[in-house]
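J.: The structure under discussion is supplied below as structure tokens; questions concerning it will follow.
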Amino acid sequence: MSGSDRVYPQAAGCGTSRLTLPEFVCLHGRASSLVLEAAPGEPPLWRYWGPRLPDGVVPASGIRNERPLPSFALDHDQPFSVFPVVGGSWFHHSGLLAHRAGQDWSHAFTVSRIDRPDAYSIAVVLQDERAGIEVVVLLHLNPETDCLTTSNQVTNTGEGILDVQWLAAAVLPLPDDPLKVHFWGGRHPNEFIPQVQSLTRAAWRRENRRGLTSHDTMPTAFVEAQDNHWYAAHFAWSGNSVQQIEWLDDGRRAWQVGEWLAPGEVRLAPGESITTPEVIATFSNTGRNGITQNFHTEMRQRIRWPGGKMSPRPVQVNSWEGFYFDHDVDRMKELATAAAALGIERFVLDDGWFHGRNDDTTSLGDWWPDETKYPEGLFPLAEHVTGLGMQFGLWVEPEMVNPDSDLARAHPDWIRSSRDRPVVTGRNQLVLDLANHEVTEYLFDKLSALLTQLPISYLKWDHNRDLAPDGLVPTYRNQVRSVYGLLARLRAAFPDVEIESCAGGGGRIDAGILPYVHRFWASDNIDAVSRVQIQRGFLSVFPPEVMGAHVGAAPAHTTSRSQSMAFRAGVALCGHLGVELDLRRLTDKAREALAEWIALHKSIRDRLHSGEVWMGEAPDGLLWQAHGTATDILLFVIRTNQTEQRYPPAIRLPMLDRIESFQIRPLGPAPWVKGSPAFRLADQEGLKVSGAWLAQSGMPAPALRAEQVALIELTSVR
Ligand code: GLA
């Protein structure tokens, strides 16, 4: 909308007698809108991010006309822009911290161009000719997902090196409501520990300096505002990060997300540029589940499946917890045979298969089969697996090297370390310098040889340590970019091979690596009680089909807790299902039960992995998770602890279509569901309930004890 010829009253102290009505730039999604005020010459100002506005609705006037200049303020009012910087009268955090040998540190950007490549995108080109810096701010609102993708680019247009200390990938506006921020802490092996904090005038800030996404500082936060309005931002990057929310003088908050840069990590030569990774942000006025659904739709668009379409997620068996390093070709064949008999569709040979690898002290880097365990190589095992009708998958950890390996002995110069600092190992291993072309060539050759010589359909790609400042020159971001490059090259050469992202479980779960992979190993913790929380954290951002979820042994190796097969399987069922135990040692009863769960999973995985996901809590510690649509829901009701009430609570399911009636049917071999009176009825004659009743009053919950899960199907019937 243009009104540049209209005259507005002067805002107090603005220093000019005639103000023109600025242009407003609107980006509209399905349920959200963004409005920017493009005042002449200056970076666009944030005016709105919230529920969808009707087309054509814009502010009454420029922000400076609407607010008085406070006392003790500089006479130039500087409102919050898409790229606020230190300089002029902006005293809050800067979107850019950069200098040229101690000069050119304060900035004054003017707009040289605003491009609208389409109705959903805006590119703002900013110049500071005096400081010799050009900035491009990119915003794109995906109209199907309501996800806003942002990134910023800085180019050194001056003379001499430009040192960049901070460059925000997003600077987003949050409203002036009382806000709470929800985020996740964690550790190996206990990821996604939920945290919540009220936002005050003190800044909320999280920094990750571990060199990979990390178990501790997930690069995601959700912000809860009034009226069930939620905002969220996820950093699509597998390295260091900063997330910060800062109170602004007008009561709004500025949300900045970007890479944590080590001092000296980004030094731009004249003409050089840096582009940030993307931030994916979203708004929902249907609560927290709305955010999750927006993220799921967006992430689904970003996954690159072989052949362009997801195939049903094959149930897999993984050798790790059943065998660890103790491999032997015959036992692995027995495992494969036992797996095939249960209906398992993919066999993954985990750590322990390669040259000299008998524990975690040696051999990373020597990517050829161990001659003792596999005297004829891996082919006989792979052939056995494929002969059983299963896919063959292999574990690798390409970025790593053990000092005790042929590779380290031959190429000590390929290792990220420094003569000037002590060498710090993690799990006895060091990190290869992937910025070195020779290293990526070696890895590409070794992996290509395996992928060419063996019928491999799947790689589990691990990364089992944090990075450390291991040289005098910081190279964190180059390491991440190089691993993306290596993954992209392998994907191009072997487009049918699927890849799992693993880093000691959930240390590398993010949308930066998502376009190269097809599954995340959510945690090394397979204990089903722990998994309930871990999976809810994972599913807050990523869809269930990329969540590796395994049935482990009892007792669980990481916690020593023992759980029934029904609980272990019921919790794992919603994700990309796998089994990780020595199947040969199962009792007949356990084997039969597991086969039943696997068959059930296969019969419903299309529905589990294609619809929306809602997660909620009923009273008395009952958790629920629903997959599907408003007329067809698969509902997991989960109890981890003993009840405190005599009677189970009702579970309100607000997503259900209120006009329809629903047939309720328990699914799966879980005796406790069928024992509940309401479900006995359901089993006998079919329980039929109105959607409005289920949404507003609730469904009678099955009487669950601690560590039990019920799977219930609700389908609409006329
Ligand atoms: C990591 C993974 C495990 C397993 C081991 C092998 O810890 O998360 O699943 O692959 O490495 O060493």
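J.: Give me the residue from region 370-418 that is part of a strand (DSSP E or B) and out of contact with any Pro (no Cβ under 7 Å at 6 or more places or on another chain) and, out of that set, nearest to the ligand (Cβ to nearest atom).
T.: Out of the qualifying residues, it is Trp395.
J.: Of the conditions (1) open to solvent by 50 Å² or more (accessible area, probe 1.4 Å); (2) more than 24 Å from Met299 (Cβ to Cβ), Glu612 fails just one. Which one is it?
T.: The failed condition is (2).
J.: Which of (1) out of contact with any helix residue (DSSP H, G or I) (no Cβ under 7 Å at 6 or more places or on another chain); (2) open to solvent by less than 10 Å² (accessible area, probe 1.4 Å); (3) under 29 Å from Phe379 (Cβ atoms); (4) within 13 Å of the ligand (Cβ to nearest atom) is the odd one out, the single condition Arg519 does not satisfy?
T.: Answer for Arg519: the failing condition is (1).
J.: Something else now. Could you tell me whether region 175-183 includes any residue that is within 22 Å of Gly537 (Cβ to Cβ), open to solvent by 10 Å² or more (accessible area, probe 1.4 Å) and aromatic (Phe, Trp, Tyr)? Steps first, please.
T.: Taking region 175-183 first, the residues within 22 Å of Gly537 (Cβ to Cβ) are 179-183.
After this cut, where a residue has to be open to solvent by 10 Å² or more (accessible area, probe 1.4 Å) as well, the list is 180, 182-183.
Next, only the ones that are aromatic (Phe, Trp, Tyr) stay: 183.
The answer is yes; a qualifying residue exists.
J.: Next question. Taking region 502-522 as the search range and keeping residues that are in a loop (DSSP other than H, G, I, E, B) and among the small types (Gly, Ala, Ser), which one is farthest from Trp305 (Cα to Cα)? Show your work before the answer.
T.: Here is the first cut: in region 502-522, the residues in a loop (DSSP other than H, G, I, E, B) are 502, 504-505, 507-513, 517-518, 522.
Now drop any that are not among the small types (Gly, Ala, Ser), which leaves 504-505, 507, 511-512, 522.
Details: Gly504: 24, Gly505: 22, Gly507: 22, Ala511: 15, Gly512: 16, Ala522: 19 Å.
Of everything passing the filter in region 502-522, Gly504 is farthest from Trp305 (Cα to Cα).
J.: May I pose another question? Tally up the residues in region 380-402 that are open to solvent by 10 Å² or more (accessible area, probe 1.4 Å) and either touching a Leu at 6+ places or on another chain (Cβ under 6 Å) or free of Cβ contacts under 8 Å to residues at least 12 places away in the same chain (or both), please.
T.: Going through region 380-402 one residue at a time, the tally reaches 1.
J.: All but one of (1) closer than 30 Å to Ala554 by Cβ; (2) open to solvent by 10 Å² or more (accessible area, probe 1.4 Å); (3) part of a strand (DSSP E or B) hold for Val317, so report the exception by its number.
T.: (2)
J.: Only one residue in Ile526, Ile509 is within 16 Å of the ligand (Cβ to nearest atom) and open to solvent by 10 Å² or more (accessible area, probe 1.4 Å). Which one? Give the derivation first.
T.: Values: Ile509 fails: open to solvent by 10 Å² or more (accessible area, probe 1.4 Å).
The unique qualifying residue is Ile526.
J.: Inside region 184-202, can you point out the residues that are free of Cβ contacts under 8 Å to residues at least 60 places away in the same chain, closer than 26 Å to Pro474 by Cβ and touching a strand residue (DSSP E or B) at 6+ places or on another chain (Cβ under 7 Å)?
T.: Within region 184-202, Gly185 is the sole residue that qualifies.
J.: Can you list residue pairs whose Cβ atoms sit under 6 Å apart, with the first residue in region 56-73 being at positive phi and the second being open to solvent by less than 80 Å² (accessible area, probe 1.4 Å) and of a type in the set (Phe, Trp, Tyr)? Count only pairs 6 or more apart in sequence or on different chains.
T.: none
J.: Identify all residues within region 403-426 that are charged (D, E, K, R) and open to solvent by 80 Å² or more (accessible area, probe 1.4 Å); write none if there are none. Walk me through it before giving the result.
T.: Filtering region 403-426 down to residues charged (D, E, K, R) leaves 404, 406, 409, 413, 416, 419-421.
Once the filter is applied, which keeps residues that are charged (D, E, K, R) and open to solvent by 80 Å² or more (accessible area, probe 1.4 Å), region 403-426 yields Arg409, Asp413, Arg419, Asp420, Arg421.
J.: Is at least one residue of region 158-170 under 30 Å from Asp104 (Cβ atoms), aromatic (Phe, Trp, Tyr) and at pLDDT 95 or above?
T.: yes
J.: Any idea how many residues of region 203-232 are farther than 26 Å from Ser94 by Cβ and either under 12 Å from the mean Cα position of the chain (by Cα) or surrounded by 24 or more Cβ atoms within 10 Å (Cβ to Cβ) (or both)? Full working, then the answer.
T.: Start the filter on region 203-232 by keeping residues that are farther than 26 Å from Ser94 by Cβ, which leaves 212, 215-216, 224, 226-230.
Narrowing further to those that are either under 12 Å from the mean Cα position of the chain (by Cα) or surrounded by 24 or more Cβ atoms within 10 Å (Cβ to Cβ) (or both): 212, 215.
Residues that pass the stated criteria total 2.
J.: Right, next: For region 481-501, give me each residue that is among the acidic types (Asp, Glu) and either open to solvent by 10 Å² or more (accessible area, probe 1.4 Å) or assigned to a helix (DSSP H, G or I) (or both).
T.: The initial filter retains those residues of region 481-501 that are among the acidic types (Asp, Glu), namely 496, 498, 500.
Matches in region 481-501: Asp496, Glu498.
J.: Could you pull out the residue among Gly322, Gly290, Gly271 that is farther than 30 Å from Asn156 by Cα and either assigned to a loop (DSSP other than H, G, I, E, B) or open to solvent by 20 Å² or more (accessible area, probe 1.4 Å) (or both)? Quick ask: steps written out before the conclusion?
T.: Details: Gly290 fails: either assigned to a loop (DSSP other than H, G, I, E, B) or open to solvent by 20 Å² or more (accessible area, probe 1.4 Å) (or both); Gly271 fails: farther than 30 Å from Asn156 by Cα.
Being farther than 30 Å from Asn156 by Cα and either assigned to a loop (DSSP other than H, G, I, E, B) or open to solvent by 20 Å² or more (accessible area, probe 1.4 Å) (or both) holds for just one of Gly322, Gly290, Gly271, which is Gly322.
The values are calculated or read from the model by the stated rules, or taken from the named source; none is laboratory data. What you are looking at is a predicted structure, and each value in this text was computed from that prediction instead of being measured. Here the Cβ is made from the backbone with ideal geometry for all residues, glycine too, and neighbour counts use every protein chain on show. Side chains included, ligands, DNA and RNA excluded: accessible areas come from the protein's heavy atoms. Shrake-Rupley method; radii C 1.70, N 1.55, O 1.52, S 1.80 Å.
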